[in-house]
Amino acid sequence: MTDTDAGPAEGGVRVTDDAGVATVLLERPAKLNALTPEMLDALGAAVDSLRGSEARVVVLRGAGEKAFCVGADINRFAPLTAVQMWRDWTANGHRVFDALAGLRQPTVAVLHGATFGGGLELALACDFRVVAAEARLGLPEVGLGTVPGWGGTERLTELVGRARAKEVVLSRRTLDGELAHAWGVATRVAPRAELDSAVDELVTQLLGGAPVAVQLAKQIIDAAAEGAPSRVLEALAGGLTSATDDLKEGIAAFQQRRDATFTGR
């Protein structure tokens, strides 16, 4: 669909679409997909392109065998002034990650290897995280002299609670895939050799629902988590789905005891 390659040194982001599944690939494997300003901009452009696309599920991956993403490229933010760090670097990361979190489509991060700092924050901005048992996850920023800057403190706390979030951030505890799953960071965990099968299973399940209903349900859950009245949102969303062809198809398929064929209309 989109190739937003920023060059071999700066890295890039590639978006492909196959049968309603958009794959967003971070491409800087020589640097373990460490994020540069150019990659953040490219990721933001990729997310924007997905808003109006026909993709029904978005899968986020990192290129190479070793890492999903090890976070921000330290050499790129080290020279920044305090104002530049606040105004540009941190704000841009929040803008892009918030846009990813706000996509109407379900998003799945595939963590096959090292996932640290901003890389874990990126994964936390997705709806689902499918993690290899052998992967390593963490937010080690305090060991560098700074703090997580792209939403990690909030999103991690929402998943694991305050005490465990402090253990990950303050003590720099590293989680493997099994522990990440036990704590609620990983949605699913599988051995590295079976990771793609676990991803395919989840994606197939997500594709099995009516697209409009799936996307509305995601938005209701997220809005309710922010304090919006779910009973109002559910009534509005239910009214909207009642006007779709997919609801008619779902009812007919149920009555005829067959699988439904949804079109997103």
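The values are calculated or read from the model by the stated rules, or taken from the named source; none is laboratory data. This is a predicted model, so every value here is computed, not measured. Glycine gets a Cβ as well: all are built from the backbone with ideal geometry, and neighbour counts include every protein chain shown. For the accessible areas, the whole protein counts, side chains as well, though only heavy atoms, and no ligand, DNA or RNA atoms are used. Shrake-Rupley method; radii C 1.70, N 1.55, O 1.52, S 1.80 Å.
So if I check each of 223, 213, which one is under 17 Å from residue 54 (Cα atoms) and part of a helix (DSSP H, G or I)? If you could, list the steps in order and put the result at the bottom.
Values: 223 fails: under 17 Å from residue 54 (Cα atoms).
Step by step, each of 223, 213 is checked, and only 213 is under 17 Å from residue 54 (Cα atoms) and part of a helix (DSSP H, G or I).
Hey, could you check the stretch 1-33 for residues that are of a type in the set (Gly, Ala, Ser) and open to solvent by less than 10 Å² (accessible area, probe 1.4 Å) and say which is modelled with the highest pLDDT? Talk me through it step by step, then tell me what you get.
Filtering the stretch 1-33 for residues of a type in the set (Gly, Ala, Ser) gives 6-7, 9, 11-12, 19-20, 22, 30.
From what is left, the residues that are open to solvent by less than 10 Å² (accessible area, probe 1.4 Å) are 11-12, 22.
Values: 11: 92, 12: 95, 22: 98.
Within the stretch 1-33, the match that is modelled with the highest pLDDT is 22.
Take the residues of the stretch 112-132 that are part of a loop (DSSP other than H, G, I, E, B) and more than 23 Å from residue 145 (Cβ to Cβ): which is farthest from the chain's Cα centre (by Cα)? Full working, then the answer.
Let us first name the residues in the stretch 112-132 that are part of a loop (DSSP other than H, G, I, E, B), namely 112-113, 117, 125-127.
Still in the running and more than 23 Å from residue 145 (Cβ to Cβ): 112-113, 125-127.
Working: 112: 14, 113: 15, 125: 5, 126: 2, 127: 6 Å.
Per the criteria, the residue is 113.
Give the stretch 227-250 a look and list any residue that's among the basic types (Lys, Arg) and over 18 Å from residue 264 (Cβ atoms), or say none. Spell out the reasoning first.
From the stretch 227-250, those among the basic types (Lys, Arg) are 231, 248; that's our starting set.
Residue satisfying the conditions is 231 alone.
Does residue 153 count as of a type in the set (Val, Ile, Thr) and under 11 Å from residue 168 (Cβ atoms)? First the steps, then the outcome.
Details: of a type in the set (Val, Ile, Thr): yes; under 11 Å from residue 168 (Cβ atoms): yes.
In short, yes.
Return the residues of the stretch 91-103 that are buried (at least 18 other Cβ atoms within 10 Å of the Cβ) and either modelled with pLDDT under 95 or not hydrophobic (A, V, I, L, M, F, W, C) (or both); say none if nothing qualifies. It would help to see each step written out before you state the result.
Going residue by residue through the stretch 91-103, those that are buried (at least 18 other Cβ atoms within 10 Å of the Cβ) are 93, 96-97, 100, 103.
93 - this is the single residue of the stretch 91-103 that is buried (at least 18 other Cβ atoms within 10 Å of the Cβ) and either modelled with pLDDT under 95 or not hydrophobic (A, V, I, L, M, F, W, C) (or both).
State all residues of the stretch 250-265 that are open to solvent by 40 Å² or more (accessible area, probe 1.4 Å) and in a helix (DSSP H, G or I); if no residue qualifies, say none.
Of everything in the stretch 250-265, those that are open to solvent by 40 Å² or more (accessible area, probe 1.4 Å) and in a helix (DSSP H, G or I) turn out to be 251, 254, 255, 256.
Restricting attention to the stretch 158-185, which residues are open to solvent by 50 Å² or more (accessible area, probe 1.4 Å), within 22 Å of residue 127 (Cβ to Cβ) and touching a helix residue (DSSP H, G or I) at 6+ places or on another chain (Cβ under 7 Å)?
164
Just one of 127, 73, 88 is open to solvent by 10 Å² or more (accessible area, probe 1.4 Å) and within 21 Å of residue 184 (Cα to Cα); which is it?
Numbers: 73 fails: within 21 Å of residue 184 (Cα to Cα); 88 fails: within 21 Å of residue 184 (Cα to Cα).
Of 127, 73, 88, the one residue that is open to solvent by 10 Å² or more (accessible area, probe 1.4 Å) and within 21 Å of residue 184 (Cα to Cα) is 127.
So which residues in the stretch 41-70 are within 21 Å of residue 149 (Cα to Cα), over 14 Å from the mean Cα position of the chain (by Cα) and either open to solvent by less than 10 Å² (accessible area, probe 1.4 Å) or small (Gly, Ala, Ser) (or both), if there are any at all?
Listed by number, the residues that qualify are 42, 45, 67.
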